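The values are calculated or read from the model by the stated rules, or taken from the named source; none is laboratory data. Predicted model only: the values in this text are computed from it and were never measured. All Cβ positions, glycine included, derive from the backbone under ideal geometry; neighbour counts span all protein chains shown. Areas reflect the complete protein model, heavy atoms only, side chains present, ligands, DNA and RNA absent. Shrake-Rupley method; radii C 1.70, N 1.55, O 1.52, S 1.80 Å.
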Amino acid sequence: MKTEKPIIILGIESSCDETSAAVIKDCKVLANLIASQKIHELYGGVVPELASRAHQKNIVPVVDQALRDSGIKKEELSAIAFTRGPGLIGSLLVGVSFAKAMALALNIPLIEVNHMQAHVLAHFIRRKPDEKEKIVHTAPEMPNLPFICLTVSGGHTQIVLVKDFLNMEIIGETIDDAAGEAFDKAAKILGLPYPGGPLIDKYAQTGNPHAFKFAEPNIAGLNFSFSGLKTSILYFIRDNVKSNPDFIEKNLNNLCASIQYTIVKILMDKLMLATRQFSLSAPGKTEEKYCIAIAGGVSANSGLRKALTETGNKLGWHTYIPPFEYCTDNAAMIAIAGHYKYLKKEFAAQNVAPSARYKL
Ligand code: KG4
Ligand code: ZN
């Protein structure tokens, strides 16, 4: 019996401050390695020059280890997929140059991937059987096309209409700060280190989400704005610290819970509006069910994960939340995007250049 040759993709991600390499075989992850750059903690945010230097140092050992972990020899690879953008140009350059050189040396196709498209496609990474119970979703196992995805990261906040694996339309986006940026900037005001999103999430667990009220934006349609919220938090903290220097310390959990509640509410309100405007029904279903997904670093937030699940249960959506390791930046999502492009033979030429503002 003739068996189909498996599609084995090496994915490389270097758009911001994580150097990551992954190997996937027929959409199953064999290895997904991430080298995080601690150095930025000292500066309260990602320093582009330090990020590209760290990528340069990490890329060879990370790719080498990913291949070892996967048990795949480089000669067995079908193609190499890399993040072309959006991201920091110096960081992108490292991954792009490395991927080009390796594909050339192995004489295999090179595939360029849009980082934001890859965040959405993380939902199509097939799980190993023992990991299946970790997936948080209601049936079916993967979202039916078309579906709506709220992609929330450190640099972007987008509501995306996913028409097909490689055909996505932004139907709403932020006009200023991204949701992850709102978490990180709020954390900075509270004196927490970068990245502050996960810390706000942690302290919020034991706080009262209604303890403090912050300004919510009044933006028409499906777009977002977070800069007013940041200012509202800044002034509120400044005024209270003036009269009580221990204000932050004494109220940290309630502050974090209230900030998280406000950001999640802003996101969920627009997501609900989007589902009303784009009445999607799952193909082949008699009952009308929306498939609604979240993706990107902020989809690791426990408040957002809970809000999506609860709203989905109430409104009858099928909801999709990536496992934690595929929310924040990782190369497995780059490799899965590469898989779909490989199927369509969408290969890049050797003169492909990184694109800091690469559009979806
Ligand atoms: O997708 P990602 O890893 O990188 C970008 O493409 O930007 O997202 C990083 C963002 C950061 O702003 C980080 O604070 C936020 O995701 N983040 C979180 C959580 N985990 C990561 N924000 C809130 N709660 C979390 N648990
Ligand atoms: Zn990202």
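Quick notes on this one:
- The distance linking the range 305-321 with the range 169-229 is 20 Å (Cα centroid to Cα centroid, whole angstrom).
- Rounded to the nearest 10 Å², the accessible area of Met268 at probe 1.4 Å: 10
- Working from label points 7 Å from Cα in the Cα-to-Cβ sense, the Asn351 to Leu42 distance is 4.1 nm.
- Spacing of the modelled spin labels on Ser97 and Phe124, each 7 Å from Cα toward Cβ, amounts to 3.2 nm.
- In this Cβ point-charge picture (+1 for Lys and Arg, -1 for Asp and Glu), the chain has a dipole of about 360 debye about its Cα centre.
- Nearest-0.05 FRET efficiency for Asp164 and Thr231, computed from C-beta distance (R0 41 Å): 0.55
- Full-extension gain in nm, Asp246 to Arg276, via 0.36 nm per residue minus C-alpha separation: 6.3 nm
- Summary value for the range 26-167: 21 percent relative contact order, contacts being C-alpha pairs under 8 angstrom separated by 6+ residues.
- Global dimensions of the range 60-219 from alpha-carbon coordinates: Rg and Dmax equal 19.6, 60 Å.
- Charge-dipole axis of the chain as Lys and Arg at +1 and Asp and Glu at -1 on Cβ define it, positive-most pick from Phe214, Ala182, Gly303: Gly303
- Cut-off 13 Å between beta-carbons: net charge of the residues surrounding Gly172, Lys and Arg +1, Asp and Glu -1: -1
- Protein-only accessible surface at a 1.4 angstrom probe places the residues Glu169, Glu310 in the order Glu310, Glu169, largest first.
- Exposure of Asp239 as accessible area (Å², to 10), given a probe of 1.4 Å and all protein chains: 80
- Largest accessible area first, the listed residues Ile170, Ile111 line up as Ile170, Ile111 when surface is computed with a 1.4 Å probe on the assembled protein chains.
- Over every Cα atom in the chain, the radius of gyration and the widest Cα-Cα span, Dmax, amount to 20.7, 79 Å.
- Protein-only accessible surface at a 1.4 angstrom probe places the residues Tyr320, Tyr290, Tyr261 in the order Tyr261, Tyr290, Tyr320, largest first.
- 15 Å beta-carbon shell around Glu216, net charge (K/R +1, D/E -1): +1
- Residues Glu173 and Asp26, FRET efficiency given R0 of 25 Å [Cβ-Cβ distance, rounded to 0.05]: 0.15
- The range 220-360, accessible area per residue, ligands and nucleic acids excluded (1.4 Å, Å²): 46
- Structure-based [θ]222 nm, the chain - -39500 (n - 2.57) summed over DSSP H runs of at least 4, per residue, nearest 500: -13000 deg cm²/dmol
- Distance between the range 234-274 and the range 59-120 - C-alpha centres, whole angstrom: 39
- Label-point separation in nm, Lys73 to Lys359, each point 7 Å along Cα→Cβ: 4.5
- Net length gained if the chain between Leu315 and Lys265 were fully extended (0.36 nm per residue, minus Cα distance): 16.4 nm
- Take every DSSP beta bridge whose two residues both sit in the chain; close to 60 percent of them are antiparallel.
- Förster radius 56 Å - calculated FRET efficiency between Thr3 and Leu50, Cβ distance, rounded to 0.05: 0.75
- Portion, in percent, of the accessible area of the chain that falls on carbon or sulfur, probe 1.4 Å: 53
- Relative contact order computed over the chain (Cα-Cα under 8 Å; 6+ residues apart), in percent: 25
- Extension reserve of the Leu145-Asn208 stretch, reckoned as 0.36 nm per residue once the Cα distance is removed: 18.9 nm
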